[in-house]
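Asks: What follows is a structure written as structure tokens; I'll ask about it next.
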Amino acid sequence: MSLLNDALRQAEQRQNKPQVSAAYTGQTAQATGGSRAVPVLIVLLVLALLAAGVAWWLLAKNSAEPTVETTETVAQIEPVQPQPIKPAEPEPVAAPEPAATIAEPVTVEAPKPEPAVKVAEAPKQPEPVAAAPAPKTEPQPEVRPEPQQEVAVAAEQPAPVAQVKQSRETPQAIDLRTSRELQRLLASGDNVAAENLLTRVTESQPAPNSREIFAREMLVQGMAGRALEWLPQSLTNEHAGLRLLRARALLEQGNLDTAVATLQSRVPPVADGIEYRVTLATLLQQAGEAEESAGHWSELIAYDDSRGAWWLGLAIALETGGRTRSAVQAYAQAATLPGLSPSLADYARQRLNALQAGS
């Protein structure tokens, strides 16, 4: 366009120059006619330059457009390369030319439109069979457990209702379990832990068996006062074993009369309380109640007459009560039965001889 502007400017300058008369310049009339033909030539030259500029502009435009289309088309085609069907024996595939090679028509003077049209055409897509498509992963159907399986799973899980309906441990079972644990602790010498355990249990129930185990051990260890702490009278009235331990603890403290009164409050049958009846008969003898003592010994012998110690106790009670003939028979029976210690056997024979000599 700059060339066209320069040509027009030169033509205007030439037209605006003052015409010199032919007479002054010495030119003929023919020369004037020749000067008129000059502007025509200039106009033709300008038109030729204009046509050349338009042609150049069109050429540049046509050269740029195929490059873009070709590059875009190659960019689209490049990723889609058919894969060989057999990976083990791949067939050689010609590598596609780079985009720069296809863009070479830019340097050609007059690129033909055919290549641009051919490149612009969408290439035929390879058939799915030749492309060896990747294995399709079909969506797995959601596996829902059958109603029977759900019932089986629910049956395996522990039902909270069963835990609620679980039978609670009875007070008697708790007392028995605690008494066994107390025996273990006392045997190991851990009296403090045993007493703490007994304290926790007796907060919710009487626990007579546990109290009896602990109180008996305290008596063995010579701690009568500590045994009495776990043997209140309100509780011992209902349990013969606790009354017996309370009476022994009181006797250890020198309260013979109170001990006898405790045992006499409720006397169990011989079959249910042999130790109870032996203790009561002995304490009655010590308290001077010979007749009552002889009565309890007689009941024990009636239950089992093979015990030499019981016969000896009866003989002492009868002698103390002034019943000498009956006492001689009891001493003789005690001396003949086995089971007496040597000292008691000697005492029985001595008293027997003494009574027989005095009669």
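Asks: If you stretched the chain out fully between S341 and Y303, how much longer would it get, using 0.36 nm times the residue separation minus the C-alpha to C-alpha distance?
Replies: 11.5 nm
Asks: A follow-up question, please. Can you order the peptides 310-317, 180-187, 292-299 by their average number of other Cβ atoms within 10 Å per residue, highest first? Kindly include the intermediate steps, with their values, before the conclusion.
Replies: Details: 310-317: 25.5, 180-187: 16.4, 292-299: 21.0.
So the peptides 310-317, 180-187, 292-299, ranked by packing, come out 310-317, 292-299, 180-187.
Readers should treat all values here as calculations from the given coordinates under stated rules, not as data from a laboratory. Just so you know, these numbers come straight off a predicted model, no measurement behind them. Note that each Cβ is placed from the backbone with ideal geometry, even for glycine, and that neighbours are counted across all protein chains shown.
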